[in-house]
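For reference, the structure discussed in these notes is given below.
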Amino acid sequence: MNAKGEAAVLLAERWVLAVLRDRTITSIAGWDEAIAPLRERLNDRPFRKREGTRRQLYEALDRPALRPLPPVPYEFAEWRQAKVPFDYHVTVEHNFYSAPYRLAGERVDVRLTAHMVELLSHGQRVASHVRVTGRGHYVTDPAHRPAAHQRYLDWSPERLIQYAKSVGPQTAQLVETILRERPHPEHGYRTCMGIIRLGKHYPPARLEAAAARALAVHALSYRSLKSILEKGLDQTALDLALEGRPVGPHANVRGAEYFSDKEVH
């Protein structure tokens, strides 16, 4: 704080706080009412070493320079950068928000508030979405989707399925099911591209077996398929009869009687 600021604090203490030091005030409204006449008197008090008053200086210098307040209240925002992937859905806090497809491969600025996600390219806002909670949700503006996806992206649904067929029928069925069960086909592109990448690390026979297992238990995600391969579950028999079977007696299973005399907090 500079000297003028410190002098202003001293004046407020002498002309406002000192006057009210013996009064008991119990509300903000009461303080406002008590301070108002003292503030007016201080602003109208003539300067000692110059002509005029604080009010006159305010009207001559400060008021003409004032601008209107912003139309909306200030809202805290985080700024980040992200690259628009081939499916034109930018990842923000484990969810996916669409950008115009023409920006695929480019970097954009992300403005993240408590309620909105905005994407900006070269300082211009290109997308605005309501922020969603949870994980793995897709928020897509229909205007961002190309009229014919295959014209603009290297990988179309047809090409993904055709590649999966080159691995085997189970892999093809898995890819088709993933694309069919998403709200929009491009929502499944990342999962399908992940499957393609797995094909570079595992032989077709293992990928086929893993796809068959994933279809059997309806595990339609890249992580599930990767986990099956990493744990070698594709090389073990799947007993579907166990699916949905109640858990039998076990040392770690406690019945209702265990909790009957427990206090619940």
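Between the C-alpha center of region 108-143 and that of region 49-107 there is a gap of 15 Å.
Arranged by the count of other C-beta atoms within 10 angstrom, fewest first, what order do 25, 161, 228 take?
Working: 25 13, 161 16, 228 25.
Going from least to most buried by this count: 25, 161, 228.
Restricting attention to region 1-145, close to 90% of DSSP beta bridges with both partner residues there are antiparallel.
Semi-axis lengths, largest first, of the ellipsoid equivalent to region 3-65 are 25, 14, 11 Å, with √(5λ) applied to each eigenvalue of the Cα gyration tensor.
Normalise the Cα radius of gyration of region 154-242 by 2.2 N^0.38 Å (N = residues in it) and let me know the number. Intermediate results must be reported in sequence, preceding the final value.
Values: Rg = 12.2 Å, N = 89, 2.2 N^0.38 = 12.1 Å.
This ratio for region 154-242 stands at 1.01.
Close amide H pairs (under 5 Å, H built 1.01 Å from N) link residue 127 with 119, residues at least 5 positions away or on another chain.
Which order do the peptides 56-68, 129-141 take when ranked by the mean count of other beta-carbon atoms within 10 Å per residue, highest first? Please list the in-between numbers first.
Numbers: 56-68: 9.3, 129-141: 13.2.
So the order, starting with the most tightly packed, is 129-141, 56-68.
Taking amide H atoms as placed 1.01 Å from N in the peptide plane, the amide H of residue 95 lies under 5 Å from those of 136, each 5 or more residues away in sequence or on another chain.
Straight-line reach from residue 231: taking Cα to Cα under 29 Å and skipping same-chain neighbours fewer than 8 places apart, the lysines in range are 165, 200. Computed with the Debye formula from one identical point scatterer per Cα of region 51-209, without solvent, the log10 of I(q)/I(0) at q = 0.11, 0.15, 0.17, 0.18 Å⁻¹ comes to -0.57, -0.87, -1.02, -1.08. Other residues within the sphere of radius under 13 Å centred on the Cβ of residue 95, judged by their own Cβ, net out at +2 (K and R +1, D and E -1).
Across the alpha-carbon set of region 88-140, the Rg to Rh ratio works out to 0.93, Rh being the Kirkwood radius. Whole-Hz Karplus values for region 205-220 come out as 4, 6, 5, 5, 5, 5, 5, 4, 5, 4, 5, 5, 9, 6, 9, 9 Hz, taken residue by residue from phi with 6.51 cos²θ - 1.76 cosθ + 1.60 and θ = phi - 60°; glycine and proline positions read x.
Quick note: the coordinates plus some simple rules give every number you see, no bench work behind them. Because the structure is a prediction, the values reported are computed rather than measured. No Cβ is skipped: glycine too gets one built from the backbone with ideal geometry, and neighbour counts run over all protein chains shown.
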